[in-house]
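Structure, as structure tokens:
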Amino acid sequence: MDTLLHVIVSLISLMVALAYGLTTGGVVRKIMARIQGRIGPPVYQPFIDLGKVLFLRTGTHHGVMFILGPVFRLAGAAGFYLLIPVIVGVPFLEGFHFSGDLLLVMYFMFFGSLGMALGAADGGHPHSPIGVGRGLAQMTAYELPFGLAVVAIVASSGSFSVFEIVEHQRAAMLTKGVLGWNLFQLPFASIAAFLALLGMNMYPPFNIVGAPTEIPVGPATEYNTAFQSLQMSGRAIFAIAKVVLFMNLFLGGAHSILEAFIKTFFIYMWSIFVGAVFPRFRPEQSIRFFLGWPTAAGVLAVALILWR
Amino acid sequence: MKTHIETLKRHQFEVLWTHQQRANLIQIGIKAEQTLPVLTYLKTHTPFVQLTHYSAVDWIEDNEFQLTYTLTNPQTYEILMVCARIDREAATADSLHKLWPQAVTYEHEMGEMFGLKFPGSPRVGEPFNLEGWRDMPPMRRDFDTVKFVRDSIPERPGRQAINTRDYIGAEAGEKRLLHD
Amino acid sequence: MTERPLEKHTQLWVGPQHPGITGNMSVQIWVQGDTIQLGRTHVGYLHRGFEKLVERRKFIQAFPIVCRICVPEPDTNEYLLTAGLEELAGIEIPERAKWLRTLVLELARLAATVQALGGQAGTLGLGVVPNWTYTLRDYILDRFEELSGGRVYHMYIIYGGVRRDIPEGFFERLEGTLKTIEERLPALDNLIFDNAVFQKRTQGVGIVKPEWIDEMGISGPTARGCGRPIDIRRVDPYLVYPALDFDVITADGCDIWSRTLVRRGDIEQSIKIIRQIMRQIPDGPFCARLPNMLHWKIPTGQTYLRAEASRGEMGYYMVTDGSDKLRRMHVRGPSYVHGFSLLERMLPGLNIADLSATMVSMQTCPPEMER
Amino acid sequence: MRDELPVLHGVPPIPEGSQPHARCQDECFLGEKPEPLKYREAIQRIKNWFRANSLHVLAYGTGCGSIELRPLGTARFDMERFGISTRPTPRHANVLIISGYLSIKTLKRVIRSYEQMPSPKWVVGLGSCTINGGMYWDSYATMKQLDLYLPVDMYISGCMPRPEALIEGFAALMDKIKKGEANGYLDYLERLDWYRENQKKIIHDWDLPDYSW
């Protein structure tokens, strides 16, 4: 009975994450518009867009892998989201966590993009493989600082479970307050990870995958209608799952819905505030960036932990 | 600028006519056979090194095409306009792509728009502006664009064409204007 | 163009339906990895046959259609057609008309340059700048609308002068517009030139070799970005430019960055010129007395006239044959050189990511290339 | 005022007894057929509301009218506040703006782009050139009447139309979609042969597939 309830609550939580992700997307569009001096679309515009693409008809067919691509992406995002605790202390909202789930989570972060890469190649549009190549190269580049940051966190908390990492921070918070967060405990790991987050979120200057004036929309070029809606929802859930993971790893998790809301919102907006006024990097510049200071910060973080 | 034209004459190049259009624009006429030597001479021995413009004019009355080469002196910005007339039936001229790389574009366009042939020019014959064009080259004077449109491109019925002269004449109430 | 066999390549069409392309044209590129090996431009998507159309229209009917040749900056076309025919017909225009023409040309240059600055940033994904600069351009278009009744196509310069005098209080409102633009410039500088990513993307990219300039007839910001002070307003002056005080901006990087810098300097110079015109403009008639336009015949002659558009040297070749219609008109826009031969020469070795930035840095204008 | 204007439709009515195109029977491709049931109508209305409020315009500047689309998209006029945004690929777009005159070379590309767009899709003709050739009525390179080649749902007249006119045109298109009257894409499928015949009449080197998916 408990398992069934857990599944139901998790599904509802997934829906909430989707809605939250779409709303945040709308807020981002609004903020971007405001910076550009425009009024901008209504905040609920992504919902209308999602509904509209669902109500479109298509006859395009490029093979089985093409159809599976967005499914993989959605599955990767959903799996990612369901594995990590959203609100600690509330039953059924702590995710399907188990010891060592951080490894699986990091795998799921890759999984969706790899699925999209395979599917996009089936589309046959030359922009797709170029975009996939750019995306995978950039992903490999930002995985390095992020992986180093995770290693530092794991070494300091002594666990591969996201839940236990949160617990570890909560224990530290009892004595040190807010300073018990990993954000302040492991400053170099935080620098590495938050710089890597810029690349993960694909906002400027790291939006090289779907660069509109270079290779318009990249891998998603051939994906229309229902595939596009799968992709949009996958992207929304993935974005939220990422910020929830970062909240758990660095900001000490959340104990109430309001806290989760505030923390995730600010982590999400971090890449917007950085990216709103930047042009785009060239692919090799982006890769060089991630292999530069972020990686150095990650190496330093690991070294400090080992030295300590 | 006049001195350069004098040296041209001294080098056995025949200058058919000279006309000063503006203070810094002189036009000369040369023979079509001598086009390439004259232009090579101008590019190598005079400051007129820049091919600014290059185009053709259809003189259908004389059964000739006029090719106009506009050369610029990049120091003083004086313009020397060299005109040569070629036969309209043969419509063949020397290609300048070895002298100036951008001449390829002009020749490419003229090849399509006038049906001129430039032996050796790399892109003449490829489509430039038109695609699937089956009629006469459109910039020739005997190509009637109105007839072409009436024949091959459907128009929305009901569009009126007003003769400007009649219209203004009627407006003014002056019948005199109608017959000048 | 070098025709050499490529071993492994992908053929890619950039355009005609591509957001990174200027207007409606296409570049066919052969890429190896991310590097372009060979490129060819294909045009004709905007071909309307203007040169044929003016051959069968009277002079007064020809002038409203030539402004369609370059959409962002139509006034240069109007000026060149009218001035060329005035030269062939031997018409002198009044002094005030000259000043008004200069004012309009300079305003159009300003609008096009502001737009190009935003376009340059837009190709690199900096979405804020185009949003602002298009608005600034729109303020200038408001003044145009007041002056001529048209927002984009003005048809203000007519044979013998201009179509009408300036309206009451126009200069005060124009001054306000210029102030608005000037107030916005520091913020634009901050966004574009102080932006580390923009510097990284543009410095050393899209090199135009200085020795190509004389050989190919490169002009405008593209030539001035190579350190050559080629400005038709200075080297082959027309209208009242000799009486005006302005600098020819140059930069010597030969890359996209220098061209953007030149364009940024051009904005200030244009504003300076417009202010001078507003101060010095003389009184008098704004249009010469003209023959009956329906019967106007121009004696046989040919001329090549040029003016400085925001993109470079714009030239009109006109031939008349004594009738009431043009015999031949050929438009040699700056894009005619920059968009075909120069672009094809620059493409080998360029990254795909830099293609559209390179095109926009030369402001290639497809309707001017194919007319 | 708008109702009094004559409807610009240069297309003759469908002859009696003519068979619709074979592809029309393909339910997966064709849009929805009107169903008598009440709740179907309600669902249709909801779908139309979604479609009308999220117009994705294909970023293809086919003619000089596209110079006014940029002010429309940027800070001063800002079409995004109405839910209109541009999409760089035809697969993601469902509004095709023909901005002004269309040379025959471009017409070929436009047909291809149009057919690749997922239905329901709409065509907006901009400027007098699309309506009757405009000032290029005697040009050998441009088409003179757009609705012979593509099913036009909305014409916006002017040379070129101002951004305000474009906004009003889009608002009218939204109204039309909400009422379920913007069915040009169905017309295109039903009379594909007729459109093809017209297209092949002016595109001489026809090398497009039967239908570009």
(request) All but one of (1) of a type outside the set (Ser, Thr, Tyr); (2) more than 12 Å from chain B (Cβ to nearest Cβ); (3) in a helix (DSSP H, G or I) hold for C:Pro285, so report the exception by its number. (result) (3)
(request) Name every residue in the range A:272-306 that is away from chain C (no Cβ under 13 Å) and of a type in the set (A, V, I, L, M), in order of residue number. (result) A:Leu291, A:Ala296, A:Ala297, A:Val299, A:Leu300, A:Ala301, A:Val302, A:Ala303, A:Leu304, A:Ile305, A:Leu306
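Mind telling me which of the residues A:Leu14, A:Leu22, A:Leu83 ends up being more than 30 Å from D:Met79 (Cβ to Cβ), open to solvent by less than 60 Å² (accessible area, probe 1.4 Å) and either out of contact with any Asp or Glu (no Cβ under 7 Å at 6 or more places or on another chain) or within 14 Å of another protein chain (Cβ to nearest Cβ) (or both)?
Only one candidate qualifies: A:Leu14.
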(request) Could you grab me the full set of residues in the range D:68-82 that are buried (at least 21 other Cβ atoms within 10 Å of the Cβ) and in contact (Cβ under 8 Å) with a residue 24 or more places away in the chain? (result) D:Glu68, D:Leu69, D:Pro71, D:Leu72, D:Phe77, D:Met79
(request) Can you give me the number of residues within the range D:149-200 that are free of Cβ contacts under 8 Å to residues at least 24 places away in the same chain, open to solvent by less than 30 Å² (accessible area, probe 1.4 Å) and closer than 18 Å to D:Val95 by Cβ? (result) 0
(request) Taking the residues in the range B:117-134 that are crowded, with 22+ Cβ neighbours inside 10 Å and away from chain D (no Cβ under 14 Å) as candidates, determine which candidate is modelled with the highest pLDDT. (result) B:Phe118
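Quick check, is A:Ala155 buried (at least 24 other Cβ atoms within 10 Å of the Cβ) and not in a loop (DSSP other than H, G, I, E, B)?
It is false that A:Ala155 is buried (at least 24 other Cβ atoms within 10 Å of the Cβ) and not in a loop (DSSP other than H, G, I, E, B).
Any residue in the range A:242-265 that is under 28 Å from C:Ala121 (Cα atoms) and open to solvent by 20 Å² or more (accessible area, probe 1.4 Å)?
No; the residues of the range A:242-265 include none that is under 28 Å from C:Ala121 (Cα atoms) and open to solvent by 20 Å² or more (accessible area, probe 1.4 Å).
Identify the residue in the range C:288-319 that is farther than 30 Å from C:Gln363 by Cβ and facing chain B (nearest Cβ under 8 Å) and, among all such residues, is surrounded by the fewest Cβ atoms within 10 Å (Cβ to Cβ).
If we take residues in the range C:288-319 being farther than 30 Å from C:Gln363 by Cβ and facing chain B (nearest Cβ under 8 Å), then C:His295 is surrounded by the fewest Cβ atoms within 10 Å (Cβ to Cβ).
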(request) Confirm whether A:Val132 is more than 30 Å from A:Leu291 (Cβ to Cβ), crowded, with 19+ Cβ neighbours inside 10 Å and not hydroxyl-bearing (Ser, Thr, Tyr). (result) no
(message) Here are the criteria: (1) more than 9 Å from every other protein chain (Cβ to nearest Cβ); (2) in contact with a Ser or Thr (Cβ under 6 Å, 6 or more places away or on another chain); (3) over 17 Å from C:Glu51 (Cα atoms). Tell me which single one C:Leu350 does not satisfy.
(response) (2)
(message) Condition first: touching a Phe, Trp or Tyr at 6+ places or on another chain (Cβ under 7 Å) and among the acidic types (Asp, Glu). Now tell me which residues in the range C:157-214 satisfy that.
(response) C:Asp165
(request) Could you please find all residues in the range D:132-148 being free of Cβ contacts under 8 Å to residues at least 24 places away in the same chain and among the aromatic types (Phe, Trp, Tyr)? (result) D:Trp137, D:Tyr140
(request) Please find, within the range A:208-239, the residue that is surrounded by the fewest Cβ atoms within 10 Å (Cβ to Cβ) out of those that are facing another protein chain (nearest Cβ under 9 Å) and on the phi > 0 side of the Ramachandran plot. (result) A:Thr225
(request) Test each condition in (1) within 14 Å of chain A (Cβ to nearest Cβ); (2) part of a loop (DSSP other than H, G, I, E, B) for C:Arg48 and report the one that comes out false. (result) (1)
(request) Collect the residues in the range A:158-194 that are in contact with a His (Cβ under 9 Å, 6 or more places away or on another chain), open to solvent by 20 Å² or more (accessible area, probe 1.4 Å) and part of a helix (DSSP H, G or I), keeping them in residue-number order. (result) A:Phe163, A:Glu164, A:Arg170
(request) Pairs only if they're at least six apart or on different chains, beta carbon under 8 angstrom, first in the range B:8-21 and closer than 15 Å to B:Gln66 by Cβ, second among the basic types (Lys, Arg) and surrounded by fewer than 16 Cβ atoms within 10 Å (Cβ to Cβ); list them, first residue then second. (result) B:Leu16/B:Lys31
(request) Filter the range D:83-126 down to the residues that are within 14 Å of chain A (Cβ to nearest Cβ) and of a type in the set (S, T, N, Q), then identify the one that is surrounded by the fewest Cβ atoms within 10 Å (Cβ to Cβ). (result) D:Ser85
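The values are calculated or read from the model by the stated rules, or taken from the named source; none is laboratory data. Quick caveat: nothing in here was measured; it's all calculated off a predicted structure. When we count neighbours, we look across all protein chains shown, and the Cβ atoms used for this are built from the backbone with ideal geometry, even at glycine. Remember, those area values only see protein heavy atoms, side chains included, never the ligands or the DNA or RNA. Shrake-Rupley method; radii C 1.70, N 1.55, O 1.52, S 1.80 Å.
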